[in-house]
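Participant: Could you have a look at this structure, given as structure tokens, before my questions?
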Amino acid sequence: MDTIRDSKKLPVLAIFSEALALPRKHFHSLIRYGLPVLVLGLFTTVFTSPQIGGGGFSGLLGGIFGLAFGLCLVMGIVSCHRIFLLDSEIANSTPVWRWTIRETRYLIGWITISVVTLALALSVMPFVVPMLDDMSGAVGNDGFLYWLLSNALYVPLMYIISRLMILLPAIAVGSVRRGMGAAWQLSKNNGWRLTILIGLPAFVSHQVFTLFEYFETFPMFILEFFFWLFLGLIELGILSLSYAWLRDNSSSESKPAQINIQKTD
């Protein structure tokens, strides 16, 4: 963490390295708070898999477990942020099973970012689709070049999303500055570094999960779920560490005030 704190700009490589070490460093706390997510996620995976799930009773169970899993996922994600960002005594004092105003705010923030993302994506589609058609004709049969250029068109959108995502860990730790405007201001001058930190792992994850689509077997569905959990932990660690650096290096954030907020949350 010293390398991260001493950097003058958001330290991309140091944050990646530290995030990879977080699951091992906080293993016991993550198991404690992540067990409901793990169990309900496995049940949801079982009852929604093509080999077992479907209509009738198994479909109903899949829906029930899916709803419970979604709620537990929010609680688990908030717990991860708190484990990564707060003193261990404070983080571990949070009940495993709970639904407070903190989780409600986090869910609202998550939905808000999703709605903004969807609105932006729909607004640029009339421009993007013709560009994709033109590129398709220009590159001919070069599938890799088309894939590269088409994904490059989404970089500006990822830039916006990455900066807004900073509000989520702020909500999780109870910061008084947890709005979208505060997130945008906090990430000022580090937007492209945040795009790499947050956008690159999400992009790589998406590409990896497309490979799982070629293996529609039950063991692969289970493997995909565990892989998704692991990548999710790394991405939450990256987001938490990025927020911590931006918060600690922002002239508008008071460190003593932040400590008091955390202890009374």
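None of the figures in this text is laboratory data; all of them are computed from the coordinates on show. Owing to the predicted nature of the structure, the values given are computational and were not obtained by experimental measurement.
Participant: Over region 2-264, calculate the relative contact order: mean separation of alpha carbon pairs under 8 Å at least 6 apart, over the residue count, as a percent.
Facilitator: Reported as a whole number, the value is 28 percent.
Participant: With the cut-off at 1.5 for a/c, could you classify region 92-208 from its C-alpha gyration tensor as rounded, prolate or oblate?
Facilitator: On the way: a/c = 2.51, a/b = 2.33, b/c = 1.08.
Prolate, because a/c is 1.5 or more and a/b exceeds b/c.
Participant: No solvent, one uniform scatterer per C-alpha: report log10 I(q)/I(0) for region 2-264 via the Debye equation at q = 0.07, 0.09, 0.15 1/Å, two decimals.
Facilitator: Scattering profile of region 2-264, log10 relative to I(0): -0.29, -0.47, -1.23.
Participant: Can you list which of the DSSP-assigned H helices in the chain have a Cα extent of 30 Å or more along the long axis and an average Kyte-Doolittle score of at least 0.5?
Facilitator: Correct list, ordered by number: 56-85, 101-139, 218-248.
Participant: On a C-alpha basis, how far is the centre of region 148-196 from the centre of region 6-35 in Å? Whole number, if you could?
Facilitator: 19
Participant: For the chain, what does the helix formula give at 222 nm: sum of -39500 (n - 2.57) over DSSP H segments with n ≥ 4, over the residue count, nearest 500 deg cm²/dmol?
Facilitator: -25000 deg cm²/dmol
Participant: Counting every Cα pair in region 56-113, what percent are over 15 Å apart? Walk me through the intermediate numbers first.
Facilitator: Details: 939 of 1653 pairs.
Cα-Cα pairs of region 56-113 separated by over 15 Å account for 57 percent.
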